[in-house]
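For reference, the structure discussed in these notes is given below.
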Amino acid sequence: MIILITGTPGVGKTTVSGLLAEKINAYLIDINKLVDEKHLYTGIDEEKGYKIVNLDDLFNELDHIVGEIDYLNEYILIEGHLSHLFEKSDLVIVLRANPDMLQGRMKTKGWNKPKIRENIEAEAIDICSYEAFEIHGDKVNEIDTSNVSPEEVVGLIIDVIKGDKKFPVGSVDFLEYLGKF
Ligand code: DAT
């Protein structure tokens, strides 16, 4: 089973994916690490401090890795804010966090103001959920992490994997925060 874990930077993808991978014994692919290790970028946006990822190279690399794993019988977690752009999936989890909460988490990470504002606006207008839904349709679930611990988020994802719970796109709405920051 291929599970994509996506969401705005700072929502908790890395934290949750690490815990989840341990719990369900999944093969974990961290896109940020992969991009660094395999040099899958064309340059660096100095102002924003982002790597400009070569998406074709990234998808080729993911195809290659996924092709070597028996994903009908094993779990593969692909984690990163670009993961939902990869077309192969059985399940897509978009982690969400309300912009007030997200701002706090980003400050803890020491990010600068423009980077925080850009990401908060992306979260307020549901960019990841929207893009994920366009590509993966009903496979996409959105989980609001605002007031739950990473361990609880892992529990909710396991419920979704088992088919016990569903969180369809549209269930989380932070539009009221738009323009507040
Ligand atoms: P991402 O990988 O999406 O960029 P992260 O896993 O690095 O995010 O988490 C960002 C920060 O937020 C980090 O300091 C841990 C914290 N965090 C993650 N999930 C959380 C949760 N559910 N509740 C509170 N804090 C959380």
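The values are calculated or read from the model by the stated rules, or taken from the named source; none is laboratory data. No experiment lies behind these values; they were computed from the predicted model shown. All Cβ positions, even for glycine, are placed from backbone atoms using ideal geometry, and neighbour counts span all protein chains on display. These area figures cover heavy atoms from the full protein model, side chains too; ligands, DNA and RNA do not enter into them. Shrake-Rupley method; radii C 1.70, N 1.55, O 1.52, S 1.80 Å.
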message = For a protection proxy built on the mean count of beta-carbon atoms within 10 angstrom, sort 29-42, 62-75, 82-95 highest first, please.
response = 82-95, 29-42, 62-75
message = Could you work out what % of the accessible surface of the chain is carbon and sulfur, using a 1.4 angstrom probe and leaving DNA, RNA and ligands out of the count?
response = 49 percent
request  = Give me the percent of DSSP beta bridges within segment 7-133 that run antiparallel, rounded to the nearest 5.
outcome  = 50 percent
key: segment 48-72 versus segment 122-181: alpha-carbon centroid distance in Å   = 23 Å
ask   = Taking only C-alpha pairs under 8 Å that are 6+ residues apart, what is the relative contact order of segment 124-181 in percent?
value = 51 percent
task = Let me have the relative contact order for segment 2-177, percent, based on Cα pairs under 8 Å that are six or more residues apart.
result = 31 percent
request  = Might you report the magnitude of the Cβ-based charge dipole of segment 2-177 about its Cα centre, with Lys and Arg at +1 and Asp and Glu at -1, to the nearest 20 debye?
outcome  = 540 debye
